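Worksheet: the structure to be examined is printed underneath.
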Amino acid sequence: MSKVIIKLENDISTDDIYPGRFMATVLPTETPQFAFFDRTEFNAQLKAKAFPAGSIIVGGENFGCGSSREQACSTLKGHEVAVVAKSISRIFLQNSINLGLQVVICPSIEASEGDELEITADQVLNKTTGKAFEQVKLPAARKGIMDAGGLIPYTRARLMARA
Amino acid sequence: MTVVEKILARAAGQASVKVGDVVEPKVDLAMSHENAALVINQFQEVFQGTGIEPKVWDPSRIAIIFDHRVPAESPKTATNHKKIRGFVAANGITKFHDVRGDVGGICHQILPEYGYVRPGFVVLGTDSHTTSHGALGAFSFGVGATEMASAWSLGIAVNIEVPATIKVVVKGAFPPMVGPKDLILHLIGKLTAQGANFKVLEFHGETIRNMSTSGRIAICNMSVEAGATSGIVPGDEETVRYLREEAGVTEAIPCVTPDADATYVQTVEIDVSALAPQIACPHMVDNVKSIEHVVGTKVQQIVIGSCTNGRLDDLADAAAILRGKKVAEGTRMLVFPASSKIFAKALDMGYIHDFMKAGAVVMNSGCGPCLGVHEGALGDNEVALSTTNRNFKGRMGNPTGEVYLCSPVVAAASAITGVITDPRKG
């Protein structure tokens, strides 16, 4: 079971998650410090490691819209958070699967900051309110990548199979 | 089949595909910019422990263009540039455009300009606005760095789900001072910022047929702002003309067109004959209003240029309005031609002179303030009016700033007054 650490509105952009001015920083070990940088208080909490691994960011519609910058995923992955959103923008979703950031599409999710959620195989249970919400399955095409643990090991295996 | 279905079937070596099928198309062109610094890391990681030498699958199909932070704004960027140059040399990548005043520019201008993109191509780019190249009848889409590293390794795009297509039919002639940018802003307002998520926008109709490649790039460029995987204009006479006359392509240019019985998930019809100039208001690109609702809003910074509207016709339209006039006191105007070639042509045509005499600052080709890295960040609570493609909070480097998006003619007319101004009444 994990706690909702922030509840965000619709259309959270990659500029919000990882501002463009930090894009010269590429190493996944260095990107986490800039997560939600302009949300000063939340950024400070993330950096102070105030949240245990598996903590949940709840988003609305169109989470991760905008840029293809992968830093927007690596920055969240570095904090070991999960994202539950009503819908997720295409490139952000692909990047998340490729990097192994846990993202869950849950169109009817109702949760407030501080609620305890449990993510099962096909539902998100809000233990605080006692309500259950259906997940939308991630694109079937991407299952092989998830099963391999991300796109790098997946591609490596494909490359080895050719050699 | 739709255009994208046909392209994917061909590239995957299949007779046909349908929406939802999983295919692995061969990549015709893989484009990256400064993000290549990260792609290189991921690429090298793929080969780790395999005993295989890390070499890209086909150096002739990779394009790398420095545009986001040129010239380098920090030692970190300069070092990334340096690393990428080393990789380019080691792998024999020829479609490389360094920080240069002769062959440099913004990736989404360089690719069409040098004939790197052709109708029917599958194009991947580590930039969300890679949708731009649908203007030449290619299926082009944005990917992250790891996906690009995978493509560099295997030469295919792995596990692509064939997207559904929305048909956009545009009719009517644009009224004076209204053009392609207003059309795409209007369409995004109509569809919303996620209305085309996971789908392709295929553009048809007399307005598109009569539109220049420049205008088509502007509308395909911003298709991603409705969430679209790609925007595409089926290749036609204008596509062939552009590639022959402007990109110098001499070989055959076969175009891909949709079947008469192609299946679309939705059809959107737009008549532009009564369209007013459109403005996307802060902080969302689908917060689109007709200009009369925001006329008089004071602006501190005007930006003309970028991959959306920095082409020669855009500069010509803006220069015609500014000629003999002055940028208002208290307003600063920045102009970013989309490529070195466009910059040089704008010089020859006198547009650069018009801008400078009016008080605008003409910058080298690059992405500049569009992504808030350098060259034109906003001060606290400042307002910008820009021909770029995004207005998310913080986009121009300051979370307290506000960005309005518009066409080049609206930007130019507003530069003279210092407030958002209807160019039809100037």
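The values are calculated or read from the model by the stated rules, or taken from the named source; none is laboratory data. For clarity, every value in this text was computed on a predicted model and none was experimentally measured. Note that we place each Cβ from the backbone using ideal geometry, even for glycine, and neighbour counts take in every protein chain shown. Each accessible area value is taken on the protein alone, full model and side chains, heavy atoms only, with ligands, DNA and RNA left out. Shrake-Rupley method; radii C 1.70, N 1.55, O 1.52, S 1.80 Å.
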Problem - Within segment A:123-142, tally of residues that are more than 17 Å from the chain's Cα centre (by Cα) and either within 14 Å of another protein chain (Cβ to nearest Cβ) or open to solvent by 60 Å² or more (accessible area, probe 1.4 Å) (or both) - result: 8
Handout entry: Matching option when the condition is within 19 Å of residue B:366 (Cβ to Cβ) and open to solvent by 10 Å² or more (accessible area, probe 1.4 Å), among B:80, B:91
Key = B:80
Completion exercise
Subset of segment B:186-203, residues more than 9 Å from every other protein chain (Cβ to nearest Cβ) and part of a loop (DSSP other than H, G, I, E, B), comes to B:195, B:196
Fill in the blank from the handout: By my count, strands (runs of 3 or more DSSP E) wholly in segment A:13-111 with at least 3 residues that are away from chain B (no Cβ under 14 Å) are A:56-59, A:82-85
Problem - Selection within segment B:59-71 - open to solvent by 40 Å² or more (accessible area, probe 1.4 Å) and either without any contact (Cβ under 8 Å) to a residue 12 or more places away in the chain or not in a helix (DSSP H, G or I) (or both) - result: B:71
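For (1) surrounded by fewer than 24 Cβ atoms within 10 Å (Cβ to Cβ); (2) without any contact (Cβ under 8 Å) to a residue 24 or more places away in the chain; (3) part of a loop (DSSP other than H, G, I, E, B), each residue gets a yes or a no:
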position	(1), (2), (3)
B:327	yes, no, yes
B:346	no, no, no
B:356	yes, yes, no
B:370	no, no, no
B:378	yes, no, yes
B:395	no, no, yes
B:400	yes, yes, yes
B:422	yes, no, yes
Handout entry: So residue B:138, is it more than 14 Å from the chain's Cα centre (by Cα), at pLDDT 95 or above and not polar (S, T, N, Q)
Key = no
Completion exercise
The one condition residue A:152 fails out of (1) in a loop (DSSP other than H, G, I, E, B); (2) within 14 Å of chain B (Cβ to nearest Cβ); (3) at pLDDT 95 or above is (1)
Exercise for the section: State whether one or more residues within segment B:160-170 are more than 14 Å from chain A (Cβ to nearest Cβ), open to solvent by 20 Å² or more (accessible area, probe 1.4 Å), charged (D, E, K, R) and in contact with a His (Cβ under 9 Å, 6 or more places away or on another chain). Expected result: yes
Practice task
Restrict the check to segment B:171-185 and report whether at least one residue is more than 9 Å from every other protein chain (Cβ to nearest Cβ), open to solvent by less than 10 Å² (accessible area, probe 1.4 Å) and acidic (Asp, Glu).
Solution key: yes
Handout entry: Selection count where residues are open to solvent by 20 Å² or more (accessible area, probe 1.4 Å) and at the interface with chain A (Cβ under 8 Å from one of its Cβ atoms), scope segment B:12-41
Key = 2
Exercise for the section: Might you let me know whether segment B:195-208 holds any residue that is over 18 Å from residue B:129 (Cβ atoms), among the aliphatic types (A, V, I, L, M) and surrounded by fewer than 24 Cβ atoms within 10 Å (Cβ to Cβ)? Expected result: yes
Practice task
Restrict the check to segment B:119-134 and report whether at least one residue is more than 22 Å from residue A:67 (Cβ to Cβ) and open to solvent by 10 Å² or more (accessible area, probe 1.4 Å).
Solution key: yes
